[in-house]
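To start, the structure itself, in structure tokens.
The values are calculated or read from the model by the stated rules, or taken from the named source; none is laboratory data. Keep in mind the model is a prediction, meaning the values are calculated, not measured. Here the Cβ is made from the backbone with ideal geometry for all residues, glycine too, and neighbour counts use every protein chain on show.
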Amino acid sequence: MKYFEVFEIPPALALDPRDLEKRFYALSRKLHPDLRRNPADRAEAEEATAVLNDAYRSLKDPIQRAEYVLKHHGFDIGEQGTKNVPPELLEEMFELNLMLEEMQEGTACSLGPWVEVSDKLNQIDEELKTRFSEWDAGHQHETLGAIRGILNRRKYITNLIAKANVSDRI
Amino acid sequence: MFQIEFDNDRVVGIDLGTTNSLVASMEAGRPEVIVGEDGDKLVPSVVSLSPAGDLIVGNRARQELIDHPDRTIYSVKRLMGRGIADVQEEIKLFPFHIAPDSESVIRVQLGERTFTPPEISAFILRQLRKNAEARLDAPVTKAVITVPAYFNDAQRQATRDAGRIAGLEVLRLVNEPTAAALAYGLDKRKEGIIAVYDLGGGTFDISILKLHDGIFEVLATHGDTHLGGDDIDNRLLRIALEDIQSEWNDDLSQTGEAVQTLRRDVIRAKEALSFQPVATVEFTWHGKHYHREITRELFEGLIQDIVDRTLGPCRACMKDAGVTPEQIDEVVLVGGSTRIPMVRSAVEVLFRARPHTELNPDEVVALGAAVQAGILSGSVENQLLLDVTPLSLGIETAGGVVSKIIHRNSTIPASATESFTTGIDGQTNVLIHVVQGEREMAKDCRSLLRFDLKDIAPMPAGMPRIEVRFLIDANGILNVTARDARTGKEQSMDVQPSYGLSLEETEAMIDDALAHGDEDLQAAEVATARVEADRILLAIDKAKKTDAWGALSDSERDRITGAVRQLQSVYHGTDHHAITASIEALNEITRGLAENMMNTAVNTALKGVKV
């Protein structure tokens, strides 16, 4: 996978952000057009740096990193990826939605629903972490399927939060 | 041949500000602001066309603001890269006279002539260039120019166009807050998070950077390109005009000369209020006097909401950067408006850190631009700037919805590749609309350009595959290329920018500036040629004292002496072509001499080595 190659590391979902940052700074010094004395090299350097920056952006964030790996393995991660939703997820989301609506209308104590939502997010992120290590160990295709499912749930919840516009009030 | 003895062209750093502009360069490893011929470091960003047809820039033009308000323009930066619909508000408050033919590009009327905002900015740049050449005693052809971090693509392009019209190769556009961080970063901490709060004459920027061993990585930037000291001035001005109307029963708001005089007077009072608790606006008009005391308390009540408007972007910027106020190690203040005590305390409260004010807030951006110029020319080592794009880039899809392809705060250069195809059998072109902004609907974003992928071979719908590559370069400017993914051939397209000058228009303006022999430019070229001539004449004087000169034949020496005389005869003329031609001739004739000298130098050097 190109973005991992840019950083000269094997494909992995669990990455040490400090190591990635260190590599990013070192590669920036090596590739950046500003440090090329010969103007003729600069276009090429700009192109290489753009790829480095794109790769860093994708790999730095764990969710984007997982999406990149999923996409590479043939999973559909666009909005269509959320089409096949299991009924229990729909139900869960329906409840959450209701809670957030009450919260917005001020009919419920605003702390309660928020604690519940953030607990759910934390739980999801823990699950992701476990699955990331699992995939790194054996590169099993089923693991990626499971990760995709978790990411869908996560996306639902974050969309709900964005819609309820509570993220600014926290 | 003698050119090898001299430095490369100097690269200067320019702060092209709303109110004032400055030029700086690296001197012995430190950035220094260059003083102009009038002894002032600041060149007011004011341009005036005298009734005799001369262009006046800077301090002298500021007086013209009062004497000839209809022939003088200030704060032109507010018009850069904008369309006529964007500036309706400014036209109400500023004495801009917009010419009737201002559809895609605004044209400003100065007396009987019209100019685009990039042309007016180019006059300011030319003045700065002149100041730098006089001070450095060398031609200046390359520059780094700063722009507000929150400037969009069109505003950046307009700035680059201004540089080109002024005869400068713009090596880089640098964001102003980032430049300020560079200026402060010299000899400073190795690691840390820095917030730069930049409230200038017309724009507000906030940037949060991570510093790591000489790398300045911008984490996020936010801002408002319509917020600054001008807004404060306009408030004070409005109050004074209302006072005067009720006291004198006279509406002066339509009298350009009176408004400009009063503006100058309220600005004086505003500036005084930064250092004292009470200031007075004193204004005299046709024998009548207006006098009003303004306390700092009243002033602060008046500008409270303007100061508050800067805090939202600051919070959003911290959120985007993923940092809390506690994590911010240092805060840097930039822009004249940060001298206002209320602004300082608001920043202190928000970031919970005492802001840096060691460097002059008017100069810090130009100093940083000079540092970036040093990085690009190799004289500053070990430092590197990694900046971001302030606004998301998107394309309009079905129903007018925007699909974002490069998100805001992405490190630049940044790129994205998108595939396009046809929707109808036999379709031969695809029209794509590129926008910039955060809103979901294209109509709420800033239209950047439309491009037409054309001459697509007719095929069933969905069969063609055209890959379009969007690259936001290190200047924050978008470059688009397209290729047919099946054949790998470059795809032809027509690009129509939504605002600003087309490439052809810019070229025409550069030609115009060259041909119409704007005298300034003419003089600058003669000066440049003379500097070159001085170099070679000096080199020949030196050469005459060496063995290599003696080794030449009499006829060779005569030819050189003749060519020197030829150069001296055209030296004081005003035709720079003649000077350049004589320099070239002399260079050609002295080639043998130069080679001899080089050989002698090499031999001497070798002799010096003890084996």
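Please go through region B:353-380 and give me each residue that is at the interface with chain A (Cβ under 10 Å from one of its Cβ atoms) and within 20 Å of the chain's Cα centre (by Cα), ordered by number. Answer for region B:353-380, where residues must be at the interface with chain A (Cβ under 10 Å from one of its Cβ atoms) and within 20 Å of the chain's Cα centre (by Cα): B:Gln372, B:Ile375, B:Leu376, B:Ser377. Annotation note: Cβ proximity below 8 Å between a residue of region B:568-592 that is under 23 Å from B:Asp547 (Cα atoms) and a residue that is assigned to a loop (DSSP other than H, G, I, E, B) (sequence gap 6+ or interchain) occurs for B:Asn587/B:Met1; B:Thr590/B:Met1; B:Arg591/B:Met1; B:Gly592/B:Leu552.
For region A:43-59, residues that are more than 10 Å from chain B (Cβ to nearest Cβ), within 16 Å of A:Glu5 (Cβ to Cβ) and more than 9 Å from the chain's Cα centre (by Cα) total 1.
Scanning region A:117-130 for residues that are free of Cβ contacts under 8 Å to residues at least 60 places away in the same chain and over 17 Å from A:Leu160 (Cβ atoms) gives A:Glu126, A:Glu127, A:Thr130.
I'd like to know if region B:135-143 contains one or more residues that are among the charged types (D, E, K, R) and in contact with a Leu (Cβ under 8 Å, 6 or more places away or on another chain). Taking every residue of region B:135-143 in turn, at least one turns out to be among the charged types (D, E, K, R) and in contact with a Leu (Cβ under 8 Å, 6 or more places away or on another chain). Within region B:381-413, restricting attention to residues that are in a loop (DSSP other than H, G, I, E, B) and within 10 Å of chain A (Cβ to nearest Cβ), which residue is nearest to A:Glu47 (Cα to Cα)? Among residues in region B:381-413 that are in a loop (DSSP other than H, G, I, E, B) and within 10 Å of chain A (Cβ to nearest Cβ), the one nearest to A:Glu47 (Cα to Cα) is B:Pro413. Residue check: is B:Gly378 out of contact with any helix residue (DSSP H, G or I) (no Cβ under 9 Å at 6 or more places or on another chain), surrounded by fewer than 23 Cβ atoms within 10 Å (Cβ to Cβ), over 23 Å from B:Gly200 (Cα atoms) and modelled with pLDDT under 90? Against the criterion (out of contact with any helix residue (DSSP H, G or I) (no Cβ under 9 Å at 6 or more places or on another chain), surrounded by fewer than 23 Cβ atoms within 10 Å (Cβ to Cβ), over 23 Å from B:Gly200 (Cα atoms) and modelled with pLDDT under 90), B:Gly378 does not qualify.
Only one of B:Met441, B:Met459 is touching a helix residue (DSSP H, G or I) at 6+ places or on another chain (Cβ under 6 Å) and not assigned by TED's automatic domain parsing to the domain that holds B:Glu176; which? None of the others qualify; the one that does is B:Met441. Within region B:296-307, none of the residues are surrounded by fewer than 18 Cβ atoms within 10 Å (Cβ to Cβ), within 29 Å of B:Val147 (Cα to Cα), in contact with a helix residue (DSSP H, G or I) (Cβ under 7 Å, 6 or more places away or on another chain) and of a type in the set (S, T, N, Q). Of all residues in region B:262-276, those that are within 18 Å of B:Asp251 (Cα to Cα) have Cβ atoms under 7 Å from Cβ atoms of residues that are acidic (Asp, Glu), 6 or more apart or on another chain, in B:Arg263/B:Asp233; B:Asp265/B:Glu282; B:Val266/B:Asp233.
B:Ala61 satisfies every condition listed in (1) over 26 Å from B:Ala180 (Cβ atoms); (2) among the aliphatic types (A, V, I, L, M); (3) touching a helix residue (DSSP H, G or I) at 6+ places or on another chain (Cβ under 7 Å); (4) crowded, with 20+ Cβ neighbours inside 10 Å except (3). Could you tell me which residue of region B:420-448 is nearest to the other protein chains (Cβ to nearest Cβ), considering only residues that are farther than 30 Å from B:Val218 by Cα and part of a strand (DSSP E or B)? Out of the qualifying residues, it is B:Phe420. Of the helices (runs of 4 or more DSSP H) lying entirely inside region B:106-213, those containing at least 2 residues that are within 14 Å of another protein chain (Cβ to nearest Cβ) and buried (at least 24 other Cβ atoms within 10 Å of the Cβ) span B:176-185. Within the option set B:Gly256, B:Gly201, B:Gly192, B:Gly223, being assigned by TED's automatic domain parsing to the domain that holds B:Ala24 and more than 27 Å from the chain's Cα centre (by Cα) holds for one residue only, B:Gly192. Go through region A:33-42 and report how many residues are more than 10 Å from chain B (Cβ to nearest Cβ) and either assigned to a helix (DSSP H, G or I) or crowded, with 17+ Cβ neighbours inside 10 Å (or both). The number of residues fulfilling the criteria is 2. Restricting region A:8-32 to residues that are among the charged types (D, E, K, R) and assigned to a loop (DSSP other than H, G, I, E, B) leaves a set whose member that is farthest from the other protein chains (Cβ to nearest Cβ) is A:Glu8. Among the candidates B:Asp40, B:Asp101, the residue that is under 21 Å from the mean Cα position of the chain (by Cα) and assigned to a loop (DSSP other than H, G, I, E, B) is uniquely B:Asp40.
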